[in-house]
1. Modelled label-to-label distance, residue 220 and residue 290, 7 Å Cα→beta-carbon offset: nm?
2. Taking R0 as 30 Å, what's the FRET efficiency between residue 212 and residue 76 from their Cβ-Cβ distance, rounded to 0.05?
3. Quick check on the range 68-108: take the gyration tensor over C-alpha atoms, sort the square-rooted eigenvalues as a ≥ b ≥ c, and tell me if it's rounded (a/c under 1.5), prolate or oblate.
4. Tell me the label-point distance for the pair residue 190, residue 230, using the 7 Å Cα-to-Cβ offset, in nm and rounded to one decimal.
5. Quick one: 108, 139, 71, fewest Cβ neighbours within 10 Å first, how do they rank?
6. Pull out the extension gain between residue 113 and residue 241, defined as 0.36 nm times the separation in residues minus the alpha carbon to alpha carbon distance; nm, one decimal.
7. Tell me, in nm to one decimal, what length is gained between residue 137 and residue 197 on full extension, where the rule is 0.36 nm per residue of separation less the Cα-Cα distance?
8. Work out how much length residue 45 to residue 297 would gain on full extension: take 0.36 nm times their residue separation and subtract the Cα-Cα distance, in nm to one decimal.
């Protein structure tokens with residue numbers, strides 16, 4: 001570990017976490033020894049995603065989050081760090097809607113000097129990638145969105161001025177990237193306003209592999225998205241410099257699940273709150289802990305216990 005950078009980062013974390021409300025969480029993000037193959041298979045090379053940071057993104061996880069961190073609205077299933085914003089779609093049974101039988105996923109993440117990577121395995125009862133009154137309406141199509149504050153400019157608990165600070169969204173649709181011109185959407189913040197694009201030049205460097213997984217994960221329309229987001233692409237947006245060991249970056253994940261609705265059909269906010277002017281991101285702490293073949297077990301998503309152990313070494 002590069003002790004000086006990590007100790008400095010810990011000092012920042014301790015200072016900010018004292019005043020954060022809701023809970024401010026930071027997670028160690030391991031570094032790949034070799035990049036994955038973007039084909040929608042987690043073990044194309046044995047251990048390809050070993051040792052990466054793993055989250056569950058599901059209605060069941062929202063309930064566990066609420067039990068651990070408290071509730072903003074128990075009836076709506078909005079915990080202090082996540083939210084079940086799924087809806088009951090036409091023809092969907094009430095016993096299925098908004099439960100793990102509706103949709104659930106696992107997300108693995110890591111980085112290297114060139115890019116940020118993730119893979120998500122999604123169990124879904126219905127996959128809908130047709131909806132959307134506008135081409136940029138990614139929230140009306142099954143997909144995974146990464147919300148990211150590239151320069152960690154947002155204050156824990158939200159921007160006190162109520163403006164968008166450095167909100168960026170990269171959305172990968174649950175369909176092969178080459179299947180249409182709308183499978184990748186980039187949303188950025190320009191003068192405190194959100195702007196979306198699917199222009200080929202703007203989205204160059206945001207790539208993914210897709211796999212139709214059938215019922216592999218327990219659903220009926222399961223799928224895998226395996227994505228790569230190059231730092232050079234983010235630097236065209238508003239990333240000041242490539243991250244190094246000890247860097248911090250705000251993030252959260254949104255799993256979008258419309259299930260045939262003609263408009264917005266619901267989503268799950270995982271790990272932290274995002275989307276409004278006062279987004280409340282969690283943070284990645286970029287680490288030189290190895291990920292990839294031979295790296296061992298996944299990083300536990302318990303934030304403080306692991307971070308303290310890291311700095312104590």
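Taken together, the values in this text are just the output of simple stated rules run on the coordinates, not laboratory data. Note that the structure is a prediction, hence the values are computed from the model and not measured. All Cβ positions, glycine included, derive from the backbone under ideal geometry; neighbour counts span all protein chains shown.
1. 4.5
2. 0.40
3. oblate
4. 2.2
5. Lowest to highest Cβ neighbour count: 71, 139, 108.
6. Contour length minus the Cα-Cα distance gives 45.0 nm.
7. Between residue 137 and residue 197, full extension yields 20.6 nm more.
8. 89.2 nm
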